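Report on one structure; see the data block that follows.
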Amino acid sequence: MQPAIILALIEAAIALVEKIPSAVQALKQSAELTPEQEAQLDERIAKLKDQAHWKL
């Protein structure tokens, strides 16, 4: 994979990670999630950075 593509993917991932908290907050405010769903979402978000496809 070309370095420019790798850098673009990293920048896109960083931008996505920066926007996740506001999206989660919007979901929580709309009361569309049950407490169980909210806990599952929080757990999945916490595990995002540990997944293999996010590592170089």
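Suppose every K and R has +1 on its Cβ and every D and E has -1 on its Cβ; what is the size of the dipole of the chain about the Cα centre, in Debye to the nearest 20?
On the way: 6 positive and 8 negative charges, 42 e Å.
Computed charge dipole of the chain: roughly 200 debye.
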Practice prompt. Pop a pseudo-label 7 angstrom from the Cα along the beta-carbon direction at both ALA39 and GLU18 and give the gap in nm to one decimal.
Written response: 3.3
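With a probe of 1.4 Å, find how much accessible area the chain has per residue, and write the answer as a whole number in Å².
Ligands and nucleic acids excluded, the result is 87 Å² per residue.
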Worksheet item: What share of Cα pairs, in percent, lie more than 19 angstrom apart in the chain?
Response: 40
Item to complete: Could you check how much of the accessible area of the chain is carbon and sulfur, as a whole percent, using a 1.4 Å probe?
Response: 61
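Using 0.36 nm per residue of separation minus the Cα-Cα distance, give me the extension gain between ILE5 and LYS55 in nm, one decimal. List each step's numbers first, then the result.
Details: separation 50, 0.36 × 50 = 18.00 nm, distance 1.48 nm.
Net length gain for the segment: 16.5 nm.
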Practice prompt. Would you check the accessible area of LYS47, probe 1.4 Å, heavy atoms only, in square angstrom rounded to 10?
Written response: 110
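The values are calculated or read from the model by the stated rules, or taken from the named source; none is laboratory data. Quantities reported herein were computed from a predicted structural model and do not represent experimental measurements. Using ideal geometry, Cβ is built from the backbone for each residue, glycine included, and neighbour counts are taken over all protein chains shown. All accessible areas refer to the heavy atoms of the entire protein, side chains included, with ligands and DNA or RNA removed. Shrake-Rupley method; radii C 1.70, N 1.55, O 1.52, S 1.80 Å.
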